[in-house]
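Worksheet: the structure to be examined is printed underneath.
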């Protein structure tokens with residue numbers, strides 16, 4: 001019995017059976033390059049040291065200490081209650097639909 005392949009480009013050219021659509025897709029999605037592009041933390045997390053953590057913690061505390069009085073000042077200048085700065089700073093920083101001028 002002779003097997004005639006109508007579409008030889010679908011196999012590897014060496015007689016191996018063609019790969020399924022899902023298998024090709026899975027190999028493309030789970031390549032190291034693709035994973036590093038879509039989930040960057042897996043690239044830099046193994047090199048993250050305690051010194052980086054301490055520096056990031058100090059930076060976060062510094063920004064937090066700076067933003068609170070700044071927000072209070074902005075709300076006071078605008079003639080609004082001091083509580084408004086919490087709502088506005090949250091919406092402005094996290095909501096991509098919030099109108100920015």
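The values are calculated or read from the model by the stated rules, or taken from the named source; none is laboratory data. All values reported here derive from a predicted model rather than from experimental measurement. Ideal geometry is used to build each Cβ from the backbone, glycine not excepted, and the neighbour counts take in all protein chains shown.
So, in the range 42-74, exactly how many residues are within 17 Å of the chain's Cα centre (by Cα) and within 30 Å of residue 87 (Cβ to Cβ)?
Summing the residues that are within 17 Å of the chain's Cα centre (by Cα) and within 30 Å of residue 87 (Cβ to Cβ) in the range 42-74 gives 0.
Looking only at helices (runs of 4 or more DSSP H) that fall completely inside the range 7-97, which ones have 3 or more residues that are modelled with pLDDT of 85 or more and surrounded by 11 or more Cβ atoms within 10 Å (Cβ to Cβ)?
So the answer is 50-77.
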